[in-house]
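Scroll down for the structure; my scribbles are underneath it.
Read-outs: derived from the displayed coordinates by stated rules, not from any lab. This is a predicted model, so every value here is computed, not measured. Backbone-built Cβ (ideal geometry, glycine too); neighbour counts: all protein chains shown.
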Amino acid sequence: MSEEKTTYMPGAHLDIAKMPGHWLLARMGKRVLRPGGLELTRKMLDALAIDSADHVVEFAPGLGVTARLTLARQPASYTAIERDEAAAASVRSFLTDARYRCLVGNAEETGLEDASATVVYGEAMLTMHTPGQKARIVREAYRILQPGGRYGIHELGLTPDDLSEATKDAILRDLSAAIHVGARPLTSSEWRAVLEAEGFQVRAEFTAPMHLLEPKRMIQDEGLGRALRIFFNILRTPAARQRVLAMRRVFRTYQDHLMAISLVAVKPEAI
Ligand SMILES: C[S@@+](CC[C@H](N)C(=O)[O-])C[C@H]1O[C@@H](n2cnc3c(N)ncnc32)[C@H](O)[C@@H]1O
């Protein structure tokens, strides 16, 4: 049994048949829980260009995979806002510098000071929220950023931009039923509009296939040894196997219309 499973496992008390898909995958040993995998994360981080002068805020770090990549850039400060206590504890377990912290809280209302960050980012966390919550989270990012600050998102996308409402509704329904979380992915234009509505200017966009549960991506993201352990854990847990196969079935059914998308935007300088 892996260390994080025994020590800091979000959703450990939940029933496998009903728990959110991301915590089910985490229980099986998966650590990378965002749709575009590490490759898209790296593109986002490169575009955010975090360096030692930056004050970074991460929304919803989950098990902290991106946090480690960010900390390798030695920012001036790093604050994560994570609503799940066990996930926050798992991030805290590797934060050894007093300038780096993980708070349990809600990205809609972080309690952080106005203009206290130069970089804010969050992955696989806006998609699961309603339009109103998405707007509040993006507004909060805007509020805590200094003018000129950068905001990165990495979420589930829909393609093409003119996808019919009927297909969008079917994807939303099937996806939410499979992952047991209300998933509301958006097209590229819709994601841009969510950011622009709060005042951001989008500067970069990256996309990747939605291959979260495809073997090649699992090996790329987790390494061969861990990927094999995850496969083994899924195989020997019938309830989990059923759920993971159902999730993969939905991802494959809609593979032509699902994608991972990352946008990097800036808060304009004050005029
Ligand atoms: C799908 S996981 C993604 C975790 C991580 N960002 C990753 O990509 O691997 C979603 C995460 O968002 C967190 N979360 C969701 N809504 C949140 C909110 N409003 N504020 C803070 N954390 C939130 C959950 O607790 C969970 O850790």
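Treat every Asp and Glu Cβ in the chain as -1 and every Lys and Arg Cβ as +1, leave all other atoms uncharged, and give the resulting dipole magnitude about the Cα centre to the nearest 20 debye. All intermediate terms of the calculation are to be shown ahead of the outcome.
Numbers: 35 positive and 33 negative charges, 223 e Å.
Using only the charged Cβ atoms, the result is roughly 1080 debye.
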Segment 36-132 shape via C-alpha gyration tensor axes, a/c threshold 1.5: rounded
I need the shape label for the chain. Rule: rounded when a/c is under 1.5, else prolate if a/b > b/c, else oblate, with a, b, c from the alpha carbon gyration tensor. oblate
Cβ-based charge dipole, the chain, positive-most Cα from M259, I179, N106: I179
What is the distance, in nm, between label points placed 7 Å from the Cα along the Cα-to-Cβ direction at E205 and at T253? 2.7 nm
H257, H13 arranged by Cβ crowding within 10 Å, fewest neighbours leading: H13, H257
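Mind giving me the FRET efficiency for L172 and L14? R0 is 30 Å, r the Cβ-Cβ distance, nearest 0.05 is fine.
Numbers: r = 23 Å, r/R0 = 0.76.
Calculated value: 0.85.
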Computed FRET efficiency, Cβ-Cβ of R241 and E113, R0 51 Å: what is it to the nearest 0.05? 0.65
Selected from M218, L38, A193, residue furthest toward positive end of dipole (the chain; charges at beta carbon): M218
Tell me, what HN-Hα J-couplings in whole Hz come from the Karplus equation 6.51 cos²θ - 1.76 cosθ + 1.60 at θ = phi - 60° for each residue of segment 257-270, using x for Gly and Pro? 10, 9, 8, 9, 9, 10, 10, 10, 10, 10, 8, x, 5, 5
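Restricting the count to DSSP beta bridges whose residues both fall in the chain, what percent are antiparallel, rounded to a multiple of 5?
Details: 18 of 40 bridges.
Of all bridge pairs located within the chain, approximately 45 percent are antiparallel.
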Determine how many Å³ per residue the convex hull of the Cα atoms of segment 183-249 encloses. 124 Å³
By per-residue mean of other Cβ atoms within 10 Å, what is the highest-first order of 179-185, 150-156, 163-169? 150-156, 179-185, 163-169
Taking Cα pairs under 8 Å and at least six residues apart, what relative contact order does segment 3-266 come out at, in percent? 25 percent
Backbone N under 19 Å from the S164 label point (7 Å along Cα→Cβ), restricted to segment 230-271: 253-258
Between E196 and S93, what's the calculated FRET efficiency when r is the beta-carbon distance and R0 is 45 Å? Round to 0.05. 0.75
